[in-house]
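The values are calculated or read from the model by the stated rules, or taken from the named source; none is laboratory data. It should be emphasised that the depicted structure is a prediction, and the values quoted were computed from it without experimental measurement. Note that we place each Cβ from the backbone using ideal geometry, even for glycine, and neighbour counts take in every protein chain shown.
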Amino acid sequence: MTIDEVILLLKATLPNALTPLQELVLRSSWEEKTYTNIALEAHYGEERVRKVASHLWQLMSDFWKEPINKSNFRQTLEPRQLSRMQHQFIREYNRAATAISLEFPTGPVSLDSRFYIPRPPIEELAYTEIAEPGSVICIKAPKKMGKSSLVLRILAHATNLGYKIVSLDFQQSDKAVFVNLDKFLRWFCANLSRELQLELKLNEFWDEDMGSKISCSLYVQTYLLQSIKTPLVLVLNEVDWVFEYPDIASEFLPLLRSWYEQAKRVDIWQKLRMVMVYSTEFFLPLKVTQSPFNIGLPLRLPPFTKEQVQNLAQCHGLEWTDNSDADKLMAMVGGHPYLVRLALYHLVGKGGLENDLGQILQQAPTDTGIYRDYLHQYMLMLQQETQLANAFREVVTVTEPVKIEPRLAYQLHSMGLVKLEGDRVSVACELFRLYFREKLNTSNSDSNWRVAELEKENQKLRILYSIDELTQLANRRYFHTYLQLEWQRSKRELTPLSMILCDIDYFKIYNKTYGNNAGNICLQQIARTIHESIKHFLVNNHLSYVSTALGAENSRNPNIGSENNSLLVARYGGEEFAILLDVDAVTAVYIAEKIREQIKALAITCEYPGIGGLPANVLTVSLGVASMIPEGKSEPEILVNTAEKALYQAKRKGRDRVILG
């Protein structure tokens, strides 16, 4: 028996329902946790946990008519199989409960619903993190993957701990709120005050001379947090809506991160715990040290496993013990929580199609199937995004993973339509392949999407989106998209990935002294020099280099055997350039040193009156190098962060040098 079967059997046969604490003790004891750990994780007193457990073991012993205690609980029951009578008890219990509580799968799954399927260890990680002072939880997943249901449970846990709760949904805000940063932050603070039932005092804290961000921080710190005695859990739902306003997002999101950083040194900020919920990839040019999405606890919601699909079927009163029905359903929709649950709802609750999974699945990818409304929403989105539709058509018309433009790959992944497999993508589930293969090809014929003129316009748009106009290098947005794909490829192939971050020394002073026009010319010269330095190195080492700003093609180095090498040069910031290469640390440092020498050899004069102690009377650059082989669950931010720290050390040690992080 599994622990789920044990608990279901007890629920089906005991005269009184198990309490949440009794169920927690059973699950935790099955995992061999101590009473001390159970009490700490559940935020109950240990004495109470022991008392509940003592009564529970007596109840279990009476039920199985043999001694059951914490030490022998799992080893006694796990080897046993449910008897036919016990299976029947569970079926009748599930059917009775389902008949009463069958719910159409829309919105978050309520706290008292039997249809919520936990995805360990996600819930436990979230409960533990929210109890930490100054904590942040970032929940990212495509639509209808269960984000809202998880948030509901985090908030219930926080309420049990006695915390204050404020939940803001940016989707509900008016467009007028996003006119400018000041209006947005005043709206934000006003809603916090309202939710906390505190008097609105914006005018007492807002100071035009200090600026909106400092005014907002002071309002939260010295008024809101000071006015409450317990921790505050702030949930920011649909953060994606803020992404649509880059000017506001680029100021607001670093502000949230600054509050997290302040909690490490200012006690009052430890009262604030944030939960950020979003669906899409974030492409604003924020440094790693500015983004709020690489701090705290990141949670990505995975699809259901087969066992979880079977558990959900059981909750619907279905007995899928032979795996065949679960296999059939997952072959069509994968483990997508909403798609699975919708199928189960129709299977047990609708006339005509009930008890006929085969007919449901046969009609699923058609306009008469149960998923028609869900699929139509995607179709409307794709019809408005020609590039996205063309890219997805490529994916659904082949059976093997395919390589498409990184930006489009990540947009489709964020929508939940594809899975990322290194630098390639495949369709997320067979339902999408069958439906969109027909619809997109039909739409293609009807609309003549791929006429030559339209394709030319699309190519222009792709270039404008991905290129820095001044230097004609890739821009920061494209760099981070490309980095994500290269990181996955390097992780899969166990090859090193290196990043060089190059910053022009004292460039702000140069701009102020010689003017913006001279500064622009200088940036163009240095961009060309970086390009030529790397090209020269690769040619001398029998490698090929692609000069386009939209990426780099595979090239071959005889010294590395059959390995493929790729490279991207990008303008990373105002006076910063980033180079991504799949070479080791020694090679990356060598390339960085060559770039430093070549830029210095340009002899761009920089004489700054009244300023001494500069490394040279010509423009120089400082470079930070990071190199690693991605492994485990590591994220590419660690590579960027290491390169930024190395660059910082290069500047601290006098500039005009290369430092390996």
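Observations
- Lone unmet requirement of (1) more than 33 Å from the chain's Cα centre (by Cα); (2) modelled with pLDDT of 80 or more; (3) closer than 19 Å to residue 658 by Cα for residue 605: (3)
- Out of 647, 639, one residue alone is in contact with a Pro (Cβ under 9 Å, 6 or more places away or on another chain), assigned to a helix (DSSP H, G or I) and in the same structural domain as residue 586 (by TED's automatic domain parsing). It is 639.
- Residue check, residue 252 hydrophobic (A, V, I, L, M, F, W, C), touching a residue at least 12 places away in the same chain (Cβ under 8 Å), out of contact with any strand residue (DSSP E or B) (no Cβ under 6 Å at 6 or more places or on another chain) and surrounded by fewer than 20 Cβ atoms within 10 Å (Cβ to Cβ): no
- Flag for residue 63 being in contact (Cβ under 8 Å) with a residue 24 or more places away in the chain, more than 21 Å from residue 159 (Cβ to Cβ), surrounded by fewer than 12 Cβ atoms within 10 Å (Cβ to Cβ) and not assigned by TED's automatic domain parsing to the domain that holds residue 166: no
- Selection from the stretch 637-653 of residues that are buried (at least 23 other Cβ atoms within 10 Å of the Cβ) and closer than 12 Å to residue 294 by Cα: 640
- Every pair of residues 6+ apart whose Cβ atoms lie under 7 Å, when the first sits in the stretch 275-303 and is at pLDDT below 80 while the second is of a type in the set (Phe, Trp, Tyr) and part of a loop (DSSP other than H, G, I, E, B): 293/282
- Taken together, the residues in the stretch 571-590 that are in a helix (DSSP H, G or I) and surrounded by fewer than 23 Cβ atoms within 10 Å (Cβ to Cβ) amount to 5.
- Restricting attention to the stretch 556-601, the residues that are among the β-branched types (Val, Ile, Thr), over 29 Å from the mean Cα position of the chain (by Cα) and modelled with pLDDT of 90 or more total 6.
- Residue match in the stretch 354-367 (condition: buried (at least 18 other Cβ atoms within 10 Å of the Cβ), outside any loop (DSSP other than H, G, I, E, B), in contact (Cβ under 8 Å) with a residue 40 or more places away in the chain and not hydrophobic (A, V, I, L, M, F, W, C)): no
- Conditions (1) on the phi < 0 side of the Ramachandran plot; (2) at pLDDT 90 or above; (3) within 23 Å of the chain's Cα centre (by Cα); number of the one not met by residue 400: (3)
- Wholly enclosed helices (runs of 4 or more DSSP H) of the stretch 416-513 bearing at least 2 residues at pLDDT 90 or above, in contact with a helix residue (DSSP H, G or I) (Cβ under 7 Å, 6 or more places away or on another chain) and surrounded by fewer than 19 Cβ atoms within 10 Å (Cβ to Cβ): 430-447
- Sole residue being of a type outside the set (A, V, I, L, M, F, W, C) and modelled with pLDDT under 85, chosen from 119, 84, 153, 95: 95
- The set of residues in the stretch 103-158 that are of a type outside the set (Ser, Thr, Tyr), outside any loop (DSSP other than H, G, I, E, B) and farther than 26 Å from residue 225 by Cβ comprises 122, 123, 124, 140, 147.
- The residues of the stretch 220-235 that are over 19 Å from residue 137 (Cβ atoms) and touching a Leu at 6+ places or on another chain (Cβ under 8 Å), listed by number, are 223, 224, 227, 228.
- Restricting the stretch 214-241 to residues that are part of a loop (DSSP other than H, G, I, E, B) and of a type in the set (A, V, I, L, M), the residue that is surrounded by the fewest Cβ atoms within 10 Å (Cβ to Cβ): 228
- In the stretch 200-212, the count of residues that are of a type outside the set (A, V, I, L, M, F, W, C), touching an Asp or Glu at 6+ places or on another chain (Cβ under 7 Å) and within 16 Å of residue 251 (Cβ to Cβ) is one or more.
- Residue match in the stretch 392-399 (condition: touching a Ser or Thr at 6+ places or on another chain (Cβ under 7 Å) and either surrounded by fewer than 19 Cβ atoms within 10 Å (Cβ to Cβ) or assigned to a loop (DSSP other than H, G, I, E, B) (or both)): no
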